[in-house]
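Participant: I have a structure here, written as structure tokens, and I will follow up with some questions on it.
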Amino acid sequence: MPATETQVRALLDEVVDPEIPVLTIADLGILRDVAVATSGEVTVIITPTYSGCPALDHIRREIERVLGAAGLTATVATTFRPAWTTEWMDDAAKRKLDKYGIAPPRGRDVPILCPRCRGEESRLVAEFGSTACKALRVCSGCGEPFDHFKDI
Amino acid sequence: MSDDLFRYLLRLADDNLILAQRLSEYISSAPELEEDLAVANIALDHLGVAHHLLEYAATRDGRSADELAFTRPEREYTNVLLVEQPNVDFGHIMTRQFLFDAYQLGLWEALSGSDDPTIAGIAAKAAKEATYHIRHSSGWLIRLGDGSDVSHARAQQAIDALWRFTDELFATDDLDVTMSEAGIGADPAGLRSLWESRVDAILAQATLHRCNDPYQRTGGRTGYHTEHLGHLLGEMQWMQRAYPGLEW
């Protein structure tokens, strides 16, 4: 009997972003769609966060590995439309990110909270941080540097 | 097998691939660690855009995206001359980036409305990234231009050296006309006034000015390059040329 879409999605919860391992590809909104054909063939549609995101190939292989281990044949396709946005990240995902020490995207007009002291004042050190999706800031309250997941 | 869409995708990809390679050369030489990271990130964005465009181009050609990148000779590269200009100093690199960012931001905004869904998708994403790039490059140009006597002089030298490659960004040829009439591409000439207003606004803030010399160079779109591209490709392509088909 072919797997259901819900079962496939549950399996895919194992696939995390290699650079932010607390977030699954569903949390991030990288996972766009899952379809199961009557033949049992699974199609997974993903979208890159940034054009040059080096994690995408890794994620594609992980999806094939996880579904393969469950005895499923999967095709992983990439879509560019609509362009990925941090608005697809839900509140639960943002809380995980915050707990992990990365200030989550909260919208452009909302203060960025320091993940350590909750201070609202911080200074931008570098627009481009350790990965394309993050900027480096320093908290004006506790003085600690932190990563901010940029709103795009 | 070659067609108009294929050739159009190649020119868009080549601009980004060559600039990505140029920026990558600079990694570990920036004046501070944060700038090394910024340059690496910006290079990666350009490389990503080139990768997606070449993957699309490869669907219309017998060659793979990698083969298109690593086996085409200089004469088959159709990038604009601006992006192949060598890294001189940090100010020069930021100036080159700024002039190109101001062009690409307008280009991606226009191509986001392309009737070709793949181009529109790649462009919409690239437009978001270009917004970050230009904020970074224009910020530096202002700081350098309106900085010390030395930084001002170097920034103006960079403008003067690179200005001759800016007309080419807006030179419309037959392929541009065909692609824009088909609703797929954007006419470069139509992007010029927005570019000029963006550039003039930043130059004014940076206390810099356009180059007074009207001399302009073109040729990149037809494969006639400055001497620098051959050297760049020599480094970028040597492994596939020495060991064809090598993988790891």
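The values are calculated or read from the model by the stated rules, or taken from the named source; none is laboratory data. Computed from a prediction, not measured in an experiment: that's the story for all the values here. With ideal geometry, Cβ positions are generated from the backbone for all residues, glycine too; neighbour counts draw on all protein chains shown.
Participant: Name the single residue, out of those in segment A:90-110 being in a loop (DSSP other than H, G, I, E, B) and modelled with pLDDT of 90 or more, that is farthest from the chain's Cα centre (by Cα).
Facilitator: A:101
Participant: Conditions: (1) within 28 Å of residue B:52 (Cα to Cα); (2) surrounded by 15 or more Cβ atoms within 10 Å (Cβ to Cβ); (3) aliphatic (A, V, I, L, M). Residue A:77 meets all but one. Number of the miss?
Facilitator: For residue A:77, the exception is condition (2).
Participant: Tell me yes or no: at least one residue of segment B:7-24 is surrounded by fewer than 24 Cβ atoms within 10 Å (Cβ to Cβ) and among the acidic types (Asp, Glu).
Facilitator: Taking every residue of segment B:7-24 in turn, none turns out to be surrounded by fewer than 24 Cβ atoms within 10 Å (Cβ to Cβ) and among the acidic types (Asp, Glu).
Participant: I'd like the residue in segment A:87-124 that is in contact with a helix residue (DSSP H, G or I) (Cβ under 9 Å, 6 or more places away or on another chain) and within 14 Å of chain B (Cβ to nearest Cβ) and, out of all such residues, is farthest from residue A:58 (Cα to Cα).
Facilitator: For segment A:87-124, the residue satisfying everything is A:105.
Participant: Let me ask something else about it. Give just the number: which of (1) under 21 Å from residue A:133 (Cβ atoms); (2) aliphatic (A, V, I, L, M); (3) part of a helix (DSSP H, G or I) does residue A:11 not satisfy?
Facilitator: (1)
Participant: I'd like the residue in segment A:28-55 that is within 14 Å of chain B (Cβ to nearest Cβ), assigned to a strand (DSSP E or B) and of a type in the set (A, V, I, L, M) and, out of all such residues, is surrounded by the most Cβ atoms within 10 Å (Cβ to Cβ).
Facilitator: Per the stated criteria, the residue is A:46.
Participant: Out of the residues in segment B:195-248 meeting the condition of being under 19 Å from the mean Cα position of the chain (by Cα) and part of a loop (DSSP other than H, G, I, E, B), tell me which one is nearest to residue B:65 (Cα to Cα).
Facilitator: B:223
Participant: Moving on. I'd like to check something: does segment B:74-84 contain any residue that is under 25 Å from residue B:30 (Cα atoms), basic (Lys, Arg) and not in a loop (DSSP other than H, G, I, E, B)?
Facilitator: So far as segment B:74-84 goes, no, none of its residues is under 25 Å from residue B:30 (Cα atoms), basic (Lys, Arg) and not in a loop (DSSP other than H, G, I, E, B).
Participant: Scan segment A:60-74 for residues that are under 15 Å from the mean Cα position of the chain (by Cα) and more than 14 Å from chain B (Cβ to nearest Cβ) and report the count.
Facilitator: Here the count works out to 2.
Participant: Only one of these conditions is not met by residue A:77: (1) modelled with pLDDT of 90 or more; (2) out of contact with any Pro (no Cβ under 8 Å at 6 or more places or on another chain); (3) more than 14 Å from chain B (Cβ to nearest Cβ). Which number is it?
Facilitator: Looking at each condition in turn, residue A:77 falls short on (3).
Participant: Hey, another quick one. Of all residues in segment B:110-167, how many are part of a helix (DSSP H, G or I) and away from chain A (no Cβ under 13 Å)? Break it down stepwise before answering.
Facilitator: Keep residues of segment B:110-167 that are part of a helix (DSSP H, G or I), which gives B:110-111, B:117-145, B:149-165, B:167.
So of that shortlist, the ones also away from chain A (no Cβ under 13 Å) come out as B:110, B:141-145, B:149-165, B:167.
Of the residues in segment B:110-167, 24 are part of a helix (DSSP H, G or I) and away from chain A (no Cβ under 13 Å).
Participant: Mind checking which residues of segment B:152-185 are among the acidic types (Asp, Glu) and under 22 Å from residue B:140 (Cα atoms)?
Facilitator: The one that is among the acidic types (Asp, Glu) and under 22 Å from residue B:140 (Cα atoms): B:160.
Participant: With the condition kept exactly as written, say whether any residue in segment B:32-40 is in contact with a Ser or Thr (Cβ under 7 Å, 6 or more places away or on another chain) and either away from chain A (no Cβ under 14 Å) or surrounded by 23 or more Cβ atoms within 10 Å (Cβ to Cβ) (or both).
Facilitator: no
Conditions (1) within 14 Å of another protein chain (Cβ to nearest Cβ); (2) of a type in the set (Asp, Glu); (3) at positive phi, marked per residue:
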{"residue": "B:48", "(1), (2), (3)": "yes, no, no"}
{"residue": "B:55", "(1), (2), (3)": "yes, yes, no"}
{"residue": "B:65", "(1), (2), (3)": "yes, no, no"}
{"residue": "B:68", "(1), (2), (3)": "no, no, no"}
{"residue": "B:88", "(1), (2), (3)": "no, no, no"}
{"residue": "B:93", "(1), (2), (3)": "no, no, no"}
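Participant: While we're here: For segment B:1-48, what are the residues that are acidic (Asp, Glu), free of Cβ contacts under 8 Å to residues at least 12 places away in the same chain and out of contact with any Phe, Trp or Tyr (no Cβ under 9 Å at 6 or more places or on another chain)? Spell out how you get there, then give the answer.
Facilitator: Kept after step one, since they are acidic (Asp, Glu), are these residues of segment B:1-48: B:3-4, B:14-15, B:25, B:32, B:34-36, B:45.
When the remaining residues are screened for being free of Cβ contacts under 8 Å to residues at least 12 places away in the same chain, the result is B:32, B:34, B:36.
Residue satisfying the conditions is B:32 alone.
Participant: Just checking, does segment A:132-148 include any residue being more than 12 Å from chain B (Cβ to nearest Cβ) and of a type in the set (S, T, N, Q)?
Facilitator: Yes: one or more hits.
For (1) touching a residue at least 40 places away in the same chain (Cβ under 8 Å); (2) not assigned by TED's automatic domain parsing to the domain that holds residue A:15, each residue gets a yes or a no:
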{"site": "A:67", "(1), (2)": "yes, no"}
{"site": "A:70", "(1), (2)": "yes, no"}
{"site": "A:85", "(1), (2)": "yes, yes"}
{"site": "A:93", "(1), (2)": "yes, yes"}
{"site": "A:116", "(1), (2)": "no, yes"}
{"site": "A:133", "(1), (2)": "yes, yes"}
{"site": "A:138", "(1), (2)": "no, yes"}
{"site": "A:144", "(1), (2)": "no, yes"}
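Participant: Related question: State whether one or more residues within segment B:97-106 are away from chain A (no Cβ under 14 Å), not aromatic (Phe, Trp, Tyr) and not in a helix (DSSP H, G or I).
Facilitator: Looking for residues that are away from chain A (no Cβ under 14 Å), not aromatic (Phe, Trp, Tyr) and not in a helix (DSSP H, G or I), one finds none in segment B:97-106, hence no.
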